[in-house]
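This report concerns only the one structure given below.
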Amino acid sequence: MTVASHVEELRKKHQHLSDAVEKAQKNPGTRDLEIVQMKREKMRIKERISRLAH
């Protein structure tokens with residue numbers, strides 16, 4: 001796997017998590033802890049993308 005393809009996969013995961021967070025925030029039954037965990041994972045992925053892209 002090339003670095004560019006790995007970055008692209010990470011971007012897809014990041015977008016998927018963004019969509020999931022947005023959906024969870026609209027659902028009143030979602031626990032805050034779940035949303036926080038998804039947001040932390042998004043941040044980790046974003047940091048990895050940033051490191052690999054530069």
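Every read-out reported here was derived from the displayed coordinates using simple, explicitly stated rules and does not represent laboratory data. Given the structure is predicted, the values throughout are model-derived calculations rather than measurements. Please note: Cβ atoms are built from the backbone with ideal geometry, for glycine as well, and neighbour counts cover all protein chains shown.
Compute the Cα gyration tensor for region 3-53, then decide on rounded, prolate or oblate, letting a ≥ b ≥ c be the square roots of its eigenvalues: rounded whenever a/c is under 1.5, prolate when a/b is larger than b/c in the other cases, and oblate in all that remain.
On the way: a/c = 4.61, a/b = 2.37, b/c = 1.95.
Note, shape of region 3-53 comes out prolate.
By the scheme Lys and Arg +1, Asp and Glu -1, what is the net charge of all other residues having a beta-carbon under 13 Å from that of Leu10? List each step's numbers first, then the result.
On the way: positive: Arg11, Lys12, Lys13, Lys42, Arg44, Lys46, Arg48, Arg51; negative: Glu8, Glu9, Glu41, Glu47.
With Lys, Arg at +1 and Asp, Glu at -1, the net is +4.
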Residue with peak Gaussian network fluctuation, the chain [Cα springs, cutoff 10 Å], from Arg31, Arg44, Arg11: Arg31
Angle between the Cα long axis of helix 32-53 and the longest principal axis of the chain, 0 to 90 degrees, nearest 10? 10 degrees
Hz values of 3J(HN,Hα) by residue in region 5-19 - Karplus curve (6.51, -1.76, 1.60), Gly and Pro given as x: 6, 5, 4, 4, 5, 5, 5, 5, 4, 4, 5, 4, 5, 4, 5
